Amino acid sequence: MSEEEFRRLYDTVFPILFRVAYRIAGSEEAAEDLCQEAFFRLHEKSMVFPSLDDAKYWLIRVVKNAALNYAKRKIREKKAYQKAFREDIRTVDSGESQLVKKETRDEVLAALEKLPENLRIVLILKEYGELNYKEIGRALGISEGNVKIRVFRARERLALLLTEGEKYVS
């Protein structure tokens, strides 16, 4: 891959990768690191792809998997920390200081985390990665029809989770 092709790939794909990694990992710094690491791996291994689209989907898979691993590791670290220090994990509701928009976003993200991984990932790629069904299918190695079904089911479950607590998203 020439330097010009690499630069074009980086410029077009980095924003997508960042959004996906950020939604999974929950940290801007971690998302940026995960994206940079994926591009470093691509460059370091001097990988050759039939097209830039194939490289794009490979990078999406790499970043998605790395972000999932990061998120799982952070959960394990938090549990270990809480156990070690017997931290009080109850949250104090400071409703006066929170805006309705932030509360809604937090509720949606919490409900998103409750979805099974296969549904959560397609929804993240669709809504936050702004990929179409065909691109998601290529990135995950599943059919376009399967992607449509998963997105539909993910949206249904997300809506159900949000209405259980009588929370409305506009």
Next item on the list: Answer rounded, prolate or oblate for segment 1-90, using the Cα gyration tensor with square roots of eigenvalues a ≥ b ≥ c: rounded when a/c is under 1.5, else prolate when a/b is larger than b/c, else oblate.
Entry: prolate
Check: Pick from Leu99, Leu59, Leu125: which is most flexible by mean-square fluctuation in a GNM of the chain where alpha carbon atoms under 10 Å apart are linked?
Finding: Leu99
Checklist line | Net charge, Asn65 excluded, C-beta distance under 12 Å - Lys, Arg +1, Asp, Glu -1 | finding: +2
Margin query: Taking the beta-carbon count within 10 Å as an exposure proxy, list Ser2, Ser143 from fewest neighbours to most.
Written below: Ser2, Ser143
Notebook entry, point to check: Taking the chain as a Gaussian network, Cα atoms linked when under 10 Å apart, which of Val48, Val151, Val108 shows the biggest mean-square fluctuation?
Noted result: Val48
Checklist line | Per-residue [θ]222 nm for the chain (sum of -39500 (n - 2.57) over DSSP H runs n ≥ 4, rounded to 500) | finding: -25000 deg cm²/dmol
Margin query: Nearest 10 degrees is fine. How inclined is helix 3-25 to the longest principal axis of the chain, computing both from alpha carbons?
Written below: 20 degrees
Margin query: Run the reach check for Lys74 against lysines, Cα to Cα strictly under 19 Å, same-chain hits fewer than 8 apart removed. What comes back?
Written below: Lys64, Lys83, Lys114
Margin query: If packing is taken as the average number of other Cβ atoms within 10 Å across a peptide's residues, how do 131-137, 118-124 rank, most packed first?
Written below: 118-124, 131-137
Check: Taking the Cα-to-Cβ direction at Glu103 and at Arg41 and moving 7 Å from each Cα, how far apart do the two end points lie in nm?
Finding: 4.1 nm
Check: Among the aspartates and glutamates, which have Cα under 13 Å from the Cα of Lys78 when same-chain residues fewer than 8 positions away are ignored?
Finding: Glu87, Asp88
Next item on the list: May I ask for log10 I(q)/I(0) of the chain at q = 0.14 Å⁻¹, from a Debye sum over the Cα atoms as equal point scatterers with solvent left out?
Entry: -0.84
Check: Which order results if Met47, Met1 are arranged by neighbouring Cβ count within 10 Å, fewest first?
Finding: Met47, Met1
Next item on the list: Within 10 Å of each residue's Cβ, count the other Cβ atoms and sort Arg73, Arg157 from fewest upward.
Entry: Arg73, Arg157
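Any read-out appearing in this document is the output of simple, stated calculations on the displayed coordinates, not a laboratory observation. Note that the structure is a prediction, hence the values are computed from the model and not measured. Positions of Cβ are generated from backbone atoms using ideal geometry, with glycine treated the same way; all protein chains shown enter the neighbour counts.
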